[in-house]
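Visitor: The structure under discussion is supplied below as structure tokens; questions concerning it will follow.
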Amino acid sequence: MAKPDSRRVYPVVITPPAEDGFYLAYVPDIDRMTQGETFAEALDMAEDLISIHAISQQDLGNDIPEPSKTEPPHESSEVVTWIKVDFDAYRRSIDTKPVHRGVIIPAYMADRARRMGLNLSEVLQEALKERIGTL
């Protein structure tokens with residue numbers, strides 16, 4: 001069974017800088033706004049905003065908001081752009097704290113691994129990455 005795609009593309013409305021010099025980035029599908037000193041920074045901030053909002057909703061047991069399929073209303077001075085986010089990749093990038101799990105292995109394996117100088121945590125992480133398909 002194929003894993004559901006964790007990537008989505010959301011529209012973002014970028015407002016050019018006013019006197020304060022910041023580009024505003026509005027994400028209508030989550031009704032949130034952020035800003036950046038440059039156009040590129042505003043896009044990066046919008047990507048983070050969407051990702052944080054989505055994984056927070058997942059953690060609360062809610063669905064991730066679906067993106068609009070059409071261009072949102074905007075002023076003629078504003079730019080609409082589309083941002084691709086990958087929620088699984090974002091979660092992996094921020095949820096890296098180690099957790100302790102007891103693992104039971106046969107004594108002969110533990111002895112052989114020790115003699116080979118293997119780090120069991122590292123070997124387990126490599127095997128899990130291969131098995132669950134993360135990079």
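What follows is calculated from the coordinates using simple rules that are stated; it is not laboratory data. It should be emphasised that the depicted structure is a prediction, and the values quoted were computed from it without experimental measurement. Positions of Cβ are generated from backbone atoms using ideal geometry, with glycine treated the same way; all protein chains shown enter the neighbour counts.
Visitor: Which residue, Ala127, Ser93, Ala107, has the largest displacement toward the positive end of the dipole of the chain when charges sit on each Cβ (Lys, Arg +1; Asp, Glu -1)?
Guide: It is Ala107.
Visitor: Can you give me the distance in nm between label points at Ser93 and Asn119, each placed 7 Å from the Cα along the Cα-to-Cβ direction?
Guide: Computed distance between label sites Ser93 and Asn119 equals 2.4 nm.
Visitor: Net charge near Gly21, counting Lys/Arg +1 and Asp/Glu -1 over other residues with Cβ under 14 Å of its Cβ?
Guide: Net charge in that neighbourhood comes out at -4.
Visitor: Only Cα pairs within less than 10 Å get springs; with that Gaussian network setup on the chain, which residue of Pro67, Pro11, Pro98 has the largest fluctuation?
Guide: Among Pro67, Pro11, Pro98, the largest mean-square fluctuation in the Gaussian network model of the chain belongs to Pro98.
Visitor: Here's another thing I want to ask about it. Please compute the modelled spin-label separation between His74 and Tyr108, points set 7 Å along Cα→Cβ, answer in nm with one decimal.
Guide: 6.5 nm
Visitor: Rounded to the nearest 500 deg cm²/dmol, what is the calculated helix-only ellipticity per residue at 222 nm for the chain, with -39500 (n - 2.57) per DSSP H run of length n ≥ 4?
Guide: Working: 4 runs with 52 residues, N = 135.
After summing the helix terms and dividing by residue count, I get -12000 deg cm²/dmol.
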